[in-house]
Structures are given as C-alpha cells and as structure tokens.
1. With a 1.4 Å probe and every protein chain kept in, tell me what percent of the accessible surface of segment 347-452 is carbon plus sulfur.
2. Taking only protein heavy atoms into account and a 1.4 Å probe, give the accessible area per residue of segment 263-343 in Å².
3. Determine how many Å³ per residue the convex hull of the Cα atoms of segment 327-472 encloses.
4. In cubic angstrom, how much convex hull volume per residue do the alpha carbon atoms of segment 358-407 span?
5. For a quick protection proxy, order the peptides 181-193, 423-435 by their average other-Cβ count within 10 Å, most packed first.
6. Taking the mean number of other Cβ atoms within 10 Å as a proxy for protection, how do you rank 347-356, 108-117 from highest to lowest?
7. Which entries of LYS362/LYS497; LYS114/LYS362; LYS100/LYS274; LYS123/LYS159 show an alpha-carbon separation above 24 angstrom in the structure shown?
8. Among 336-345, 440-449, what's the highest-first ranking by average C-beta atoms within 10 angstrom per residue?
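The values are calculated or read from the model by the stated rules, or taken from the named source; none is laboratory data. The shown structure was predicted, so the numbers you read here are calculated from the model rather than taken from an experiment. In this analysis, Cβ positions are derived from the backbone assuming ideal geometry, glycine residues included, and neighbour counts consider all displayed protein chains. Accessible surface is based on the protein model in full, side chains and every heavy atom, while ligands, DNA and RNA are left aside. Shrake-Rupley method; radii C 1.70, N 1.55, O 1.52, S 1.80 Å.
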Amino acid sequence: MNPLWPTSTRASCLNSRTLFQSCHKIDSLAARLAQRSIRPYSISSSPVRRRDARNLGPSPSPSSRVWQISNAMCRLPAGIRTFASQRIIKDFTDLPADYKDEEGLLFRTKDLSKQETIAILGKTIDANTANRLLRVLYGRRVAGTLGDPSYTSSAYEAKAIEIGLKWLRKHVPVNEVVCAGLRAEKELAEMEHDIVSDAERLGLYKPNSGRGKNVYGDSVIDRVRKANEAKFDAKEAETLSQAEEIRQNTGTLQTTRPGSQVELRRPGENPRLKYYLERAKVLPDIPPEMSEWARLWPSGLFTIAVIGGCIIFATVYTPPRKESRAWPDMPPAAATVISIILLNAIVFGAWHVPPAFRLLNKYFITVPGYPRSLSLIGNVFSHQTAGHFAMNMLVVWFVGVRLHEEVGRGNFIAIYLSAGAFGSFVSLTSWVLRNNFASSSLGASGAICGIMATYLLLNSSEKIRLLGIFPPEDWPSISALALLALMVGADIFGVWKGNKIITVDHWAHLGGYAAGAVAAGVMRRQQQLRKERELERRKNLGIIDRIKEGRL
C-alpha cells in the first residue's frame, strides 16, 4: 500500500513490509514526481513536458482538478531539504552541489498551513503532501528539469502539478527558460568532456597531431568522417544513376500512398493504446461528497465478512488426499505458497497489458477518494514493479513455507487473507480520516506482515538465524520476539515521523502485524486446547487401549 499519493506500492520489509529492506510503498506524490523510470504501458506513464506545464488552463475548482485522474503507479521516496539560512534559491547557478530533484528546494520560509493548502489544492491532499509536492516542483523549476522526458505523472498528479505550478509561478517567479537553458548547456559540456576524454583514452582523438591548415591538426575522427562522407557521396551518386536508368526503361516510378508509408507516433498516440487508456479511467471527475463513515462503512463491512469467511474456511477445511492434489509430489506448504506467488505474477503481468487496465484500476488498487470494497483483497495480489514483486514474493516464500508447516493450509490461507484485508482497511481509514483522497495503494505487504507476526510470535523464544545458517549457533543473536518488536517499533516511529517524510505505508504494516498477533493468539489457544483434550483422553483410556498405544 502506499501512503502519500497516487499509487503507493507495498513492499514488505524488516522494518516495514520487507524482510531485508524498507518497504517502498511508494507513497508520496512528491516522491513520484522525482521518479526516474517509466513503467511501460502503465496508466501513469504520461510524460509531462515543459510546454504542458506552461499551458495551464483554468479548471472548475481545486478539488476537481486534483481528483480527476486515473490510477497509476510510481515508486520514489521524497525527501525534504532544509537550509540553515532559509534562503530561497531562484537561479540555476545558485543550486547547491548536493541538490536532488526528489528533495526539491524551499519555496518559502514557512510551510503552507492546512487552511492555505485547502485554498490552493482543495481538500483532496493534506498539508504535508502539498508542501513536499511544491518543494519538488519548485526545485525542478530552478534546476530546469520540468521538461525532462522522465518527468512522469498519473492523472491525479497531473492535476495537482498543474495547480501547484500555477500557484508557484504566481507567487514565486523563476525564469524557467533561462534555468532550463543553463542546465542544457551544463549537460552538453559534460557530455562533450566525456566524449573527448573517451576518444583520447582509446586513441581516436589526438589534438594538434597534424600539420595542415587546422592549427589543432586533423584528428583520427576527422579523417574517418571525411572518408565516410566520400563513400556516402559516391554511393548516393550511383543510386541516382540507377534510378534514372529505371525511370527511362519503365516510366515514372509510382509514388507511395499514405497507407504504404511508415507512420511514426509519439508514445501514447497509438489509437489502440489511447482507447484502453480512456477505458481505464474508472473514477468520477471529483470525489463524491460524503461523510467519513459513509466512505468507510462498506469497506469495513467487507473486511469483517472476509475475516469471518476465513475463520469458517480454517474451521471446515480438510486436506485433500494425495492423489486429489494438483501437485501430488510437492509438499503442501510449497504448493500453497507457489500458488500465491503465481497469482501475484499473473496480476503483475496484467499491469503491462493495456486491455486489463480497466479491471485492474477497479479491483486491484485501492483509492481512498472512491474506495471499492473488493479492492481491499485485490490489491493484496497486485504489484506494478518487478522489484516490488520480487521482494514481496521472496519474503512470502521464506516465511510462508515455515508458517504453513506449523499451522496447516487452512489456517495459513486464513491468516494471509485476513491480515491482507485488515491491513488494507487500516491504511484506507488512515487516508480517509486525513482527507487525503489522492493517494492509492496496492501490494502484499499487509498480508506479509501478518504471517511474519504470527510466525515470530509462535516461535518467540527461538533465536533468529538468516536462512538457518547465519549467525552460527554459538554466536549471540536476537530472539524472534525481539525482531518483531524492532519491526513494529520501526513502523510506529515512521507514523510518528510522518509529518515530515513518508515513504512507507506504516498504517498498513501495523494493521497486518495486529492481525497476525491475533492469529498467533488463536493458534496458541488451539494448541493448548488440543493438549488438554489429549491429556483428558489418556486419562480415560482403559487397560486394553493403553496396551495398544504402548503406554502400559
């Protein structure tokens, strides 16, 4: 799930939703603005160029501008730069050496207040997100990177960017053309320096090596270019001669028709792709006006239904006979976890198939401004980037197989789905209560945090060993309970620091941990009841039964 804006991805992490890294649930809109990669055939892959940024047309209201978008995905954390001098930089030449687009620049000495944010961007974005967005936009204006092809956005971001740029240009003027020109000159100078350095290193360029009219001498590159130009001129003359001969023998050659020519289009202009992108817009122009209760209760009721269904499933599930299984020669734990990974892989692949965009935007990504109940489960199997998918599935494999072997298939599937749905609902609630409707969320991290919490609590006294190998048994190590405490503490700290930088959907993680803790308590209670029933059964055994069981 992601926090801050359009689509955040859920990555599981040791401190958040991942076993080894920090969950990049990409959340912040500002984070996505700084993103450097474009997901092919993604709903959100619409490049924003400088001319688009300048032609800002009026729109009905700030709320409708920010809301009107299709869901999409991005994945960059956004940072905040603070200068001790609080100086507002307006010239490209004054940029600090360590400037980064994802951190931006201060656009005023004091951040926007909640009231100012509502006045500028409406009620669909909170003040913290708005300030990060404006920092990134202002930094790009000064750095001359507004027109970068890699500067992409989703529909939600496009409207927010439009409003933010309009406000910044009115209140914090910067000569964007000059800044962009200076940046281009700097990049060209750096490229030229690199080319010359490489040419000299490879022996292709030797200045002052000749004695001709050129005081610097003709380099090897110059001689090769002249030879190639001579070959090209000779070949062109031969081609024209052959064409003239053919014309004289057969008459005038037929001119090519428009349909027989290769048609070049810019990315996104393919008519079929444009059709699917239009169909993928499943959100209303503005978020519906309703109370927080009205926005949340359908999803809350659905979450309760999912949890109830999982409890019933775990109670009545009976393992099939070996010959009835799909993979009879595979251990049940491996078969279950591999099936989950395959489902996630199918949805991941579908995010790169335009005809599937409409279905995915409806049921495999959660948007707080217009939540669909089914998306609370659909987004648990949804990933849009290879790194996000690979990291989550790696954790599912290593933790899921071990937990499955302890609790069985019925209980494992119930824990996975219940934790995923509850984590999604907690994340949705956190955004709705903060009136941040421009965010979106997907990923398996809520479910992963659930199974991790259950496994660590059921083995709370065990020492943690990575892959069962490191550290060696005679080395000091932390217990499973201590590791879980560190993970939960990291997310609580992230929530506390959320007023500054948010790069992880900590609320979704905490929801998953809570569901996993409850599941662990239920599992322990079931184990205790089974032991008590077994002891009671043994007490009532007769002499013959004891002899049969070898207890006499």
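1. Values: 1900 of 2760 Å².
Accessible surface attributable to carbon and sulfur in segment 347-452 totals 69 percent.
2. On the way: 5650 Å² over 81 residues.
On a per-residue basis, segment 263-343 sits at 70 Å².
3. Details: hull volume 19.9 nm³, N = 146.
Cα-based convex hull of segment 327-472, divided per residue, equals 137 Å³.
4. Working: hull volume 4.9 nm³, N = 50.
Per residue, the Cα convex hull of segment 358-407 comes to 97 Å³.
5. Top of the packing list down: 423-435, 181-193.
6. Values: 347-356: 16.3, 108-117: 14.0.
Most protected by this proxy first, the peptides run 347-356, 108-117.
7. Working: LYS362/LYS497 32 Å; LYS114/LYS362 31 Å; LYS100/LYS274 33 Å; LYS123/LYS159 14 Å.
Correct reply: LYS362/LYS497; LYS114/LYS362; LYS100/LYS274.
8. Working: 336-345: 17.0, 440-449: 34.6.
In decreasing order of mean packing, 336-345, 440-449 become 440-449, 336-345.
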